[in-house]
1. Out of everything in the stretch 45-79 that is touching a Pro at 6+ places or on another chain (Cβ under 9 Å) and of a type in the set (G, A, S), what residue ends up being modelled with the lowest pLDDT?
2. Given the structure, is V42 touching a strand residue (DSSP E or B) at 6+ places or on another chain (Cβ under 7 Å) and at pLDDT 95 or above?
3. Out of (1) at pLDDT 85 or above; (2) assigned to a loop (DSSP other than H, G, I, E, B), what's the single condition that is false for M1?
4. Which residues, taken from the stretch 26-39, are in contact (Cβ under 8 Å) with a residue 24 or more places away in the chain and either in a helix (DSSP H, G or I) or under 10 Å from the mean Cα position of the chain (by Cα) (or both)?
5. Name every residue in the stretch 54-66 that is in a strand (DSSP E or B) and either under 15 Å from the mean Cα position of the chain (by Cα) or surrounded by fewer than 12 Cβ atoms within 10 Å (Cβ to Cβ) (or both), in order of residue number.
6. Which condition breaks for G82 when tested against (1) more than 12 Å from the chain's Cα centre (by Cα); (2) part of a loop (DSSP other than H, G, I, E, B); (3) at pLDDT below 75?
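The values are calculated or read from the model by the stated rules, or taken from the named source; none is laboratory data. It should be emphasised that the depicted structure is a prediction, and the values quoted were computed from it without experimental measurement. Quick reminder, even Gly has a Cβ in these numbers, built from the backbone with ideal geometry, and neighbours come from all protein chains shown.
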Amino acid sequence: MSEATIPAQGPVYDAADAIERAPRWRDVADELPQEAQEVLFVRGGKTVHGAWIGGIFWHSNQKMAAAYWMPLPLPPNAKVSGRPHYETEKE
């Protein structure tokens, strides 16, 4: 990941990195979530919140198949550095 620092603005990431991190619908034929990743997925024309565990989507203790999924967006004040890291105190 390329990173530059601009004083008073902090890290700046390149466009490819920004596109990869952006929440967008992904086809399971092209890309799968990470193990135990919380995601949104489409089931029966509805958006469902669940997790990818053991090679399948789970919601309310039920296995579910889906063709499209999306990673959850980072919460406000989250730092971007590899995997999501959530701030617990101000720096």
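1. Per the stated criteria, the residue is A78.
2. Numbers: touching a strand residue (DSSP E or B) at 6+ places or on another chain (Cβ under 7 Å): yes; at pLDDT 95 or above: yes.
Yes; evaluated as a whole, the condition is true for this residue.
3. (1)
4. P33, Q37, E38, V39
5. At the first step, the residues of the stretch 54-66 found to be in a strand (DSSP E or B) are 56-59, 62-64.
Hits for the stretch 54-66 are F57, Q62.
6. Only one criterion is unmet by G82, namely (1).
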